[in-house]
Structure formats: structure tokens, C-alpha cells
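Each remark here refers to the structure printed beneath this line.
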Amino acid sequence: MWIKICGLSTPETVDVAVEAGTDAVGFVFAPGSPRAVTAETAAALVARVPAGVETVGVFRNQSADEVVRLARDGGVGVVQLHGDETPEVFDEVRAAGFSVIRALGAARWSSEPQDHASAFGETRLLLDAPDPGAGSTFDEAVLGGSTPPAGWILAGGLTPANVARLVATLEPAGVDVSSGVESSRGVKSPALIREFIRAARAARDAGADRSV
Ligand SMILES: O=C(O)c1ccccc1NCC(=O)[C@H](O)[C@H](O)COP(=O)(O)O
């Protein structure tokens, strides 16, 4: 199972996440976020990340040109789009050489799974609460009978205390956390990052082999 620590903004917390064994680190470029970083800051943080750990830029409702410019200047390899971006925006970002994650509310996905498969199927899917980065979980019932595609990533209100239970129940291929490893909004806690990765890895070891 793949683990991503999102919303990092300091060298110390990037180093802690990498040392603790994260598979990916996320940098938020969405305007207005308490975790937002500039491309210059992201580039300095990305430079600390060893090969083999994915670097993800997080965006919401920005133009394809802006996404590509910030992702290039920030040096990330993956783009995560959280808004109402059209399939054309995904195509443009992919054509610029980035791997893409489509992030959306679980309820929205479960109401249109076929639309996702036909229009966005080449992207990895991240299912989240309706308000990204707010630390709220989504009601597991919204998935109803729909089974997310192989490789899907679970996000929204994960914490060191609940990640094992949610992984066992929902069987995602990956997990993504931000608020649950913060001591206050926007401020990452090295201790909580370590605790989350330990708990998620234990859940991974206890479960079936699923890969993103
Ligand atoms: O973190 C933000 O402020 C943010 C702003 C705009 C779009 C996305 C944002 N964050 C995304 C994430 O950090 C995670 O992918 C995900 O939403 C989980 O967040 P959390 O519930 O806080 O763990």
C-alpha cells in the first residue's frame, strides 16, 4: 500500500516523512490554502527527496498553463487535481509529462463512476471528503455498491488512530493524509507523521497486497 504525506512545507517535515518511509510527499499550490508553498519553496523541498519517493503538486481549479508552470518550476513529478478540472485540462497536464491523480469527493465519484472511467480513466483516482484538506472523513456508506477502480487512494480525515480500521474496511491501494498529521492547522507534527506512517505500514502488512 502506497502512503502519501500531503501539505508539507518545511525541510524538517519532508526529511521526517522520507526517513519514516513515505512513498510520496505532497506540496500544495492551491491558492488560499494554509499549506500553500511557492514554486521556489517546493523546488528546495523536492531537492531533498530521494529517487523512488514520488513528489506531488496539489492544485484546485487552476488553468492547465498555471498547473504546468508551477509543477515544472517546483520540480514535482506528479500533479493532483482537486477541483472541477475538465478532461482537457488532464490531457494537457499529462501531455506536459506529468503523471496525474484525480481527487474528488467520494460521494461525487460514486454518483458518476462511469463518467470517471470513460473521461479520466488514465489517471489515478483519489477519493476524499467534499472539502479537501479539512480533516473531515467521508461517510463510508456513500460508496454504496460501487467499487472504486484498482489502485484507488483513500483520503479525508485520516489519522494515526483511524487509518488501520479504514484500510481494513475500504481496502484502498493507497492512503493520503494532511490534517491528521498536524499539531495545528497547516503546521505538520514530526511525531504524528512518524506515527501515521507506522500505523499505515502496519495496516499494509496486515492486508492483502494492493498497489497504486
Ligand atoms: O490542503 C489543502 O489546504 C488543500 C487545498 C486545496 C486542495 C487540496 C488540498 N489538500 C489536499 C490534501 O491534503 C489531501 O489530498 C486530502 O484532501 C486529505 O486531506 P486531510 O483530510 O486534511 O487529511
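The values are calculated or read from the model by the stated rules, or taken from the named source; none is laboratory data. The shown structure was predicted, so the numbers you read here are calculated from the model rather than taken from an experiment. Ideal geometry is used to build each Cβ from the backbone, glycine not excepted, and the neighbour counts take in all protein chains shown. Please note that ligands, DNA and RNA were not included when accessible areas were found on the heavy atoms of the full protein model with its side chains. Shrake-Rupley method; radii C 1.70, N 1.55, O 1.52, S 1.80 Å.
Between residue 73 and residue 165, what length in nm is gained on full extension when 0.36 nm per residue of separation is reduced by their alpha carbon distance? List each step's numbers first, then the result.
Details: separation 92, 0.36 × 92 = 33.12 nm, distance 3.81 nm.
The residue 73-residue 165 span can extend by a further 29.3 nm.
For the chain, what is the mean residue ellipticity at 222 nm derived from helices alone (per DSSP H run of n ≥ 4: -39500 (n - 2.57); sum divided by total residues; nearest 500 deg cm²/dmol)?
Working: 8 runs with 77 residues, N = 212.
Estimated from H runs of four or more residues: -10500 deg cm²/dmol.
How far apart, in nm, are two points set 7 Å out from the Cα along the Cα-to-Cβ line at residue 99 and at residue 15?
2.7 nm
Looking at the chain as a GNM with Cα springs under 10 Å, which of 105, 32, 157 has the largest mean-square fluctuation?
For the chain, modelled as a Gaussian network with Cα springs under 10 Å, the answer is 32.
Can you list the residues, at least 5 places off or on another chain, whose amide H is less than 5 Å from the amide H of residue 54, using H built in the peptide plane?
Residues meeting the amide H criterion: 24, 25.
Do any trypsin sites (Lys or Arg not before Pro) in the stretch 29-122 lie in a DSSP loop with no more than 15 other beta carbon atoms within 10 Å, and if so, which?
Sparse-neighbourhood loop trypsin sites (Lys or Arg not before Pro): 48.
Projected onto the charge dipole of the stretch 92-212 (+1 at Lys/Arg Cβ, -1 at Asp/Glu Cβ, origin at the Cα centre), which of 137, 190, 147 gives the Cα projection farthest towards the positive end?
190
For the chain, modelled as a Gaussian network with Cα springs under 10 Å, which listed residue fluctuates most, 184, 63, 99?
Residue with maximal mean-square fluctuation among 184, 63, 99: 184.
Multiply the residue gap between residue 47 and residue 86 by 0.36 nm, knock off their C-alpha separation, and tell me the result in nm, one decimal place.
Value of the extension gain: 11.0 nm.
Only Lys, Arg, Asp and Glu count, each charged at its Cβ (+1, +1, -1, -1), so figure out the dipole size of the chain about its Cα centre, rounded to 20 debye.
Roughly 540 debye, rounded to the nearest 20.
Residue by residue through the stretch 103-114, what is 3J(HN,Hα) from phi via Karplus (6.51 cos²θ - 1.76 cosθ + 1.60, θ = phi - 60°)? Round to whole Hz and write x for glycine and proline.
10, 7, x, 4, 5, 5, 4, 5, 8, 8, x, 5
Going 7 Å from the Cα of residue 107 toward and past its Cβ, which residues in the stretch 152-194 have a backbone nitrogen under 18 Å from where you end up?
Under cut-off, by backbone N: 155-158.
Let me know the Kirkwood hydrodynamic radius for the chain, please, with Cα pairs as the basis and the value in Å to one decimal.
16.9 Å
On the protein heavy atoms, probe 1.4 angstrom, tell me the percent of accessible surface of the chain carried by carbon and sulfur.
So the carbon and sulfur contribution to the accessible surface is 49 percent.
If you take the charge dipole of the stretch 68-212 about its Cα centre, with +1 on Lys and Arg Cβ and -1 on Asp and Glu Cβ, which of 169, 202, 81 is farthest toward its positive end?
Among 169, 202, 81, the one farthest towards the positive end of the dipole of the stretch 68-212 is 202.
Sorting 13, 169 by accessible area (1.4 Å probe), largest first, what list results?
Ranking 13, 169 by accessible area, largest first, yields 169, 13.
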